[in-house]
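The values are calculated or read from the model by the stated rules, or taken from the named source; none is laboratory data. These numbers come from a predicted model, not from an experiment. Because the Cβ atoms are built from the backbone with ideal geometry, glycine has one as well, and the counts that use them run over all protein chains shown.
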Amino acid sequence: MKKNLLLLALLMMLFLILAGCDYSLPASFDEEELTATAYQVIELLSSGDYASVSAMLREDLQPSLDAAALEEELGPLLADLGAFQSFTASATAGTRDKDTKEPYGVIVVACRYQNGSADYTMYFDESMALVGLYLK
C-alpha cells in the first residue's frame, strides 16, 4: 500500500512538473495506441522475448540493441523482479529530440512483479517504433 501511494505521489509530481511545460502528447500520437504498445513491450520483456522487443526498435537502433544486448542489460533485473503481475499506473507526455526536433511520445508505466515493483519509461517515434527504453 505504501509503495502504491509513493508511486501515485511520484506520478502526480510528474504531472505537475509537466503541467508547467508544453510536454503534452503531440497530436500525431494516439494515447491508447501508445499505451497498448508500451504494455506489449513490457509483456514481451517479462516473458523473455527480447527478439520481439528488438524488432520493435527503430531500424537504426536495432544493431546496437539486439536481443542479446537487451537480455544482458535487462535480464538480470527482470529475473530479480520475478513473475509479472500487473500494470499499476501509467502517464503519457511528449517531447522532442533536442537536435532533430523530432517529436516523441513518452510513456511511464508502473508495474507490479512477484518480488517488487518496476517503472518503465519508453519513447516512441511517430511510426510507433521504440526509440528509448529505461527500467527502474
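Annotations
- Residues that are modelled with pLDDT of 55 or more and either part of a strand (DSSP E or B) or among the aromatic types (F, W, Y) (or both) within the stretch 2-46 comprise Y23, F29, Y39, listed in sequence order.
- Some residue of the stretch 86-96 being modelled with pLDDT of 95 or more and outside any strand (DSSP E or B): no
- Summed over the stretch 101-136, residues that are surrounded by 15 or more Cβ atoms within 10 Å (Cβ to Cβ) and assigned to a loop (DSSP other than H, G, I, E, B) total 3.
- Of everything in the stretch 50-72 that is charged (D, E, K, R) and in contact with a helix residue (DSSP H, G or I) (Cβ under 7 Å, 6 or more places away or on another chain), the residue that is farthest from M128 (Cα to Cα) is E71.
- Qualifying residue in the stretch 88-105 (condition: farther than 16 Å from A38 by Cβ and touching a Ser or Thr at 6+ places or on another chain (Cβ under 7 Å)): yes
- Scope the stretch 47-58; condition without any contact (Cβ under 8 Å) to a residue 40 or more places away in the chain and either within 16 Å of A110 (Cβ to Cβ) or not in a helix (DSSP H, G or I) (or both); matching residues: S47, G48, D49
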